[in-house]
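Participant: One structure follows; several queries about it will come next.
The values are calculated or read from the model by the stated rules, or taken from the named source; none is laboratory data. Since we're looking at a predicted model, the values are computed, not measured. Cβ sites come from the backbone with ideal geometry, for glycine too, and all protein chains shown count toward neighbours.
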């Protein structure tokens, strides 16, 4: 059973080596975090090398939730951080690990579900995944040697989480803000993308993919309530009706 | 040559596995630290496994100073920290990594020479070594799973050093880009309101004012860049074009 304390989920995106998954589990549990999600692990699941490396943190692997893709893994989350270098060409709030975990704690205190995503070891996070995040966590590494591995990145983020909650009872605030969940943002993105596609918005062809990503990135960056999402759906439906009336 | 910036030396006391020495070098250089001292490494020196693991941080191993014992390794230092669990039976100032690196920075600024000691992997630091330190650095780990390894301990301490010397949060906003001004949000609101009015979105009549206010409120609440605003204008223009084509 995961601990009762409310905390962010740590989401490993397509991790490659079992050893790194195990080391990430250790790094999480070193700082009292025990909600791991894993997207499409390269070598399948369960993974004996992960278990061997995790040793005392093996429970996190037993209880890890496995997902096919990023959208599914963060579907129930209200706010998602991506740990990555500053992305080129995507506009996104960039936070230090400390500022991010302060923010995460505040959100969790308001009843939001929060996740932190970590990219695959070698290739790093893809822009498609980054675009789904509400904010970036950027570790202030030496620019001449910025190569943090997965487990180190998990460790530092977990450390900042613990610094934030240690000695303090993470008491829950009852008033849950009516923020849209990630799945609702995803559906809104799909709706706009489909209709704008029909309307011929994604033009010229060679820019279409980039335009779609920018649009998705914008929606996920906006702090949206359920009511906002409903209104935006309604606006688009009305534009389509208007067109159909001719 | 070590970097010109004044910084603490990191002292590895009787490290056992070369891999851990290499990983410690990486962890140091990730955060711009490059003064490594090593006391009596178990497998001799140089160590090929250390070199293989250090990869991009190999220079630290080339330049590492090797000592026979702890007294010699810290002989030139004015102030020494020991990273270890809280010692039983020794009365000593205990600092968090953050407080310790703040203190270290202040001392270095006053011209003191400062070192941080790290114990051997398996056995931890001996009381003899701890007794030589002026203060203890204790990482706030989960008491149910306190097992940090050498490289992790180096990494976290290095991270706190860097947080101390780099103005991390100054970089919070600079990657976020070109925010739209209020007048641009206003024009976007007008554009959407006008077209949605034509399209018959604000219906029924007695709710129209409230719907318009909600929409305006939503736009002004969103953290929007110029690029977002342009994209949103473009989307609406395209929907209108689509309608007009019939």
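Participant: Picking from A:114, A:141, which residue would you name as being at pLDDT 90 or above, more than 25 Å from residue B:145 (Cβ to Cβ) and touching a helix residue (DSSP H, G or I) at 6+ places or on another chain (Cβ under 6 Å)?
Facilitator: Numbers: A:114 fails: more than 25 Å from residue B:145 (Cβ to Cβ).
The match here is A:141.
Participant: Counting only residues that are surrounded by 20 or more Cβ atoms within 10 Å (Cβ to Cβ) and either without any contact (Cβ under 8 Å) to a residue 12 or more places away in the chain or not in a helix (DSSP H, G or I) (or both), how many does region B:117-136 have?
Facilitator: Of the residues in that region, 7 qualify.
Participant: Considering every residue within region B:30-37, establish whether at least one is out of contact with any strand residue (DSSP E or B) (no Cβ under 9 Å at 6 or more places or on another chain), within 14 Å of chain A (Cβ to nearest Cβ) and closer than 15 Å to residue B:118 by Cβ.
Facilitator: Taking every residue of region B:30-37 in turn, at least one turns out to be out of contact with any strand residue (DSSP E or B) (no Cβ under 9 Å at 6 or more places or on another chain), within 14 Å of chain A (Cβ to nearest Cβ) and closer than 15 Å to residue B:118 by Cβ.
Per-residue answers, yes or no, for (1) closer than 22 Å to residue B:109 by Cα; (2) free of Cβ contacts under 8 Å to residues at least 40 places away in the same chain:
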{"residue": "B:6", "(1), (2)": "yes, no"}
{"residue": "B:9", "(1), (2)": "yes, no"}
{"residue": "B:13", "(1), (2)": "no, no"}
{"residue": "B:17", "(1), (2)": "no, no"}
{"residue": "B:22", "(1), (2)": "no, yes"}
{"residue": "B:27", "(1), (2)": "no, no"}
{"residue": "B:33", "(1), (2)": "yes, no"}
{"residue": "B:37", "(1), (2)": "yes, no"}
{"residue": "B:41", "(1), (2)": "no, yes"}
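Participant: Limited to region A:194-220, what total is found for residues that are surrounded by 18 or more Cβ atoms within 10 Å (Cβ to Cβ), at pLDDT below 90 and more than 7 Å from chain B (Cβ to nearest Cβ)?
Facilitator: The qualifying residues number 4.
Participant: Right, another one. Within region A:48-63, take every residue that is free of Cβ contacts under 8 Å to residues at least 40 places away in the same chain and buried (at least 21 other Cβ atoms within 10 Å of the Cβ) and give me the one that is nearest to residue A:119 (Cα to Cα). Step through it out loud before you land on a result.
Facilitator: Step one: of region A:48-63, the residues free of Cβ contacts under 8 Å to residues at least 40 places away in the same chain are A:48-60, A:62.
Still in the list and also buried (at least 21 other Cβ atoms within 10 Å of the Cβ): A:50, A:53-54, A:57, A:60.
Values: A:50: 17, A:53: 19, A:54: 19, A:57: 21, A:60: 19 Å.
Of everything passing the filter in region A:48-63, A:50 is nearest to residue A:119 (Cα to Cα).
Participant: Also, I was wondering about something else. So residue A:105 ticks every box in (1) over 18 Å from residue A:219 (Cα atoms); (2) more than 10 Å from every other protein chain (Cβ to nearest Cβ); (3) assigned to a loop (DSSP other than H, G, I, E, B) but one. Which box is left unticked?
Facilitator: All conditions are met except number (3).
Participant: Determine whether residue A:189 is surrounded by 13 or more Cβ atoms within 10 Å (Cβ to Cβ) and within 10 Å of chain B (Cβ to nearest Cβ).
Facilitator: Taking the combined requirement at face value, the residue does not satisfy it.
Participant: Still on this structure: Out of everything in region B:18-44 that is touching a helix residue (DSSP H, G or I) at 6+ places or on another chain (Cβ under 7 Å) and part of a loop (DSSP other than H, G, I, E, B), what residue ends up being nearest to residue B:162 (Cα to Cα)?
Facilitator: B:31
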